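Every read-out reported here was derived from the displayed coordinates using simple, explicitly stated rules and does not represent laboratory data. Everything numeric in this text was worked out from a predicted model, so none of it was measured. Note that each Cβ is placed from the backbone with ideal geometry, even for glycine, and that neighbours are counted across all protein chains shown.
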Amino acid sequence: MTPEMSDVTRTKNGRPVHHWRRDLVELAALFTAVAVADVVANLIGHGPDGPALLLISAVAMAATAGFHTWWSRRRGHAPPTDHTGARPSAESRQAGPIETAPALPEAVTAGAVLWRMRTTVRDEPGTLAALCTALAGRQVDILSLQTHPLAEGTVDEFLLRAPAEVTASEVTRAVAQAGGAQTWIERADTHDLVDAPTRILGLATRTALDAAELPLALRQLLGRCTIRSLPAVSVSADHADEGVPVEGALEDTVMRLRAPEGEVITVERPYLPFTPAEFARARALVELDTRLGPRVPGSHDLLTLPQGKAITVRRADTGDLEAAKDMHERCSSRTLNLRYHGPVGDADRYLNHLLSPRFGRTLAVETAQGRIVGLGHLLWDGDETEVALLIEDEWQRRGIGGELLGRLVTMAVEAGCDSVYAVTQSSNTGMVAAMRGLDLPLDYQIEEGTLVITARLDVTPVSSRLPYDHEQTVRD
């Protein structure tokens with residue numbers, strides 16, 4: 001609390017506290033002053049000693065004003081007994097859960113904006129000090145700093161807290177005047193307050209538990225970027241590109257990493273070059289994924305259909321390839337054509353890709369006899385996310401597709417996706433009805449003779465699906 005703040009508006013627990021006694025005293029003083037002024041005016045106007053009384057009144061008023069000023073300053077500098085304005089102690093700051101991002105005190109975050117900024121400076125003594133001085137001149141506070149040495153210069157990465165009235169252009173202008181070049185800045189949030197080692201360990205843990213988390217972990221590690229999995233050797237119209245070395249390759253805004261199955265994970269970020277430190281972190285995550293091998297969570301969810309039949313919903317991977325092919329054999333040509341939009345004979349060729357956790361997540365529906373009768377796919381498609389369903393003919397119209405789609409969309413929300421899209425045909429009334437059943441804003445487009453339905457996930461949250469290891473009932 002600053003000395004300039006009025007005693008009347010001192011706050012306690014976030015609410016103003018009004019000192020009614022002082023208000024009463026000031027009101028009484030006002031009436032007394034009016035009465036005294038009336039008496040003095042009568043004496044001056046009608047009495048013989050008017051000038052003397054006027055001089056005596058002036059001296060008394062000056063003495064009273066001096067005493068009031070001294071008393072106000074004495075009380076104003078004394079801190080209130082119930083609030084010191086100090087930040088929480090180290091013990092109280094460490095008492096919160098480690099899973100959540102640390103929250104700044106209300107007094108610190110009020111009227112402030114968090115920014116993430118990168119800039120390149122010369123590798124000379126004093127360049128960082130000049131940057132800090134320029135930021136301090138704009139009342140910008142540096143919350144964290146990482147340096148990435150390059151062959152020429154150094155990339156400094158800042159997490160900044162600036163007053164709300166300070167714009168991004170003002171910050172970058174100050175940095176440029178201090179010697180910074182190729183400056184990039186974007187808004188940050190409280191999750192960026194987690195230090196880099198803690199964040200990387202958390203991403204490694206997620207990757208270790210689920211192979212499908214690798215693309216998401218890379219995206220959170222590197223920021224906004226496009227991630228694709230490509231064959232190790234790509235053949236173009238003129239020539240065949242050489243494969244990527246085992247240690248990967250870094251080319252300015254593109255990095256290519258070798259995956260265990262032989263394909264290449266390409267990460268592209270056109271607006272900001274990757275640093276060697278970022279490349280090393282990404283390569284370490286991919287190496288961890290390679291050493292652990294294929295893996296998916298082993299949870300199972302037992303459900304009971306309205307007709308009384310029991311089914312199990314679980315995660316699937318390439319180990320279910322043969323069972324998925326058997327389901328293809330039992331599906332009609334129309335069902336396969338609605339799902340794969342191509343020759344029915346080519347359907348089996350897509351399964352290995354669809355079941356690989358490298359490209360997304362797959363849910364399988366099993367009968368009590370262990371036969372797969374339904375598959376739901378959540379596929380990472382660069383910056384976008386696709387959902388797809390295939391239900392065996394005999395098991396359609398029982399609510400299985402809607403249940404699978406709801407679970408897939410919930411996974412997309414947990415992964416931070418803004419939207420999901422489904423590619424189908426207008427005649428596929430089951431898929432269209434399932435998308436409408438999400439109760440999310442939908443966008444319909446016709447592309448190359450097919451219907452693309454996009455559901456926005458940043459408007460209405462999708463409710464959690466049924467918990468694992470509990471018997472539940474699927475509703476039509």
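Could you sort 250-256, 428-434 so that the peptide with the highest average Cβ count within 10 Å comes first and the rest follow in order? Don't skip to the answer; put the middle values down first.
Details: 250-256: 15.9, 428-434: 18.0.
Answer by packing, highest mean first, reads 428-434, 250-256.
Sort 142-148, 399-405 by packing, meaning the average of other beta carbons within 10 Å per residue, with the highest value first. Mind dumping the intermediate values first?
On the way: 142-148: 14.3, 399-405: 23.3.
Listed from highest to lowest mean packing, they are 399-405, 142-148.
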_Calculate log10 I(q)/I(0) of segment 165-216 for q = 0.15, 0.23, 0.27, 0.29 Å⁻¹, where I(q) comes from the Debye formula with a single equal point scatterer on each Cα and nothing for solvent._
-0.66, -0.88, -1.01, -1.06
*Give me the percent of Cα-Cα pairs in segment 284-357 that sit more than 18 Å apart, rounded to a whole number.*
58
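Counting other Cβ atoms within 10 Å of each Cβ, which trypsin sites (Lys or Arg not before Pro) in segment 378-460 have at most 14 and sit in a DSSP loop?
Values: sites: Arg397, Arg398, Arg407, Arg436, Arg456; in loops: Arg397, Arg398.
Passing sites in segment 378-460 are Arg397.
Grab the other residues whose beta carbon is less than 13 angstrom from that of Ser333, score K and R as +1, D and E as -1, and report the net.
Details: positive: Arg330, Arg334, Arg339; negative: Glu329, Asp346, Asp393.
Net charge in that neighbourhood comes out at 0.
Starting with the highest mean, order 323-335, 415-427 by the number of other Cβ atoms within 10 Å, averaged over the residues of each peptide. List each step's numbers first, then the result.
Working: 323-335: 15.2, 415-427: 17.0.
Final packing ranking: 415-427, 323-335.
Treat every Asp and Glu Cβ in segment 112-193 as -1 and every Lys and Arg Cβ as +1, leave all other atoms uncharged, and give the resulting dipole magnitude about the Cα centre to the nearest 20 debye.
Numbers: 7 positive and 11 negative charges, 31 e Å.
Computed charge dipole of segment 112-193: roughly 140 debye.
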*For Cys132 and Ser299, compute 0.36 nm times the residue count separating them, minus their Cα-Cα distance, and round to one decimal in nm.*
55.1 nm
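Can you give the extra length, in nm with one decimal, that the chain gains between Val194 and Arg291 once fully stretched, where that is 0.36 nm per residue apart less the Cα-Cα distance?
On the way: separation 97, 0.36 × 97 = 34.92 nm, distance 2.72 nm.
Stretched fully, the Val194-Arg291 segment lengthens by 32.2 nm.
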_Positive end of the dipole of segment 112-193, charges at C-beta (+1 Lys, Arg; -1 Asp, Glu), about the Cα centre: which of Val113, Thr190, Val166 has its Cα farthest in that direction?_
Val166
_Cα centroid separation, segment 180-222 to segment 291-334 (Å)_ = 32
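Can you give me the Rg/Rh ratio for segment 300-456, using Cα atoms for both radii and the Kirkwood formula for Rh? Intermediate results must be reported in sequence, preceding the final value.
Numbers: Rg = 14.6 Å, Rh = 15.8 Å.
When Rh is taken as the Kirkwood radius, the ratio is 0.93.
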*asked:* Which three extents, in angstrom, do the Cα atoms of segment 112-193 have along their principal axes, listed largest first?
replied: 34, 25, 17
*Using +1 at the Cβ of each Lys and Arg and -1 at the Cβ of each Asp and Glu in segment 300-456, identify which of Thr450, Thr335, Gly345 lies farthest towards the dipole's positive end.*
Thr335
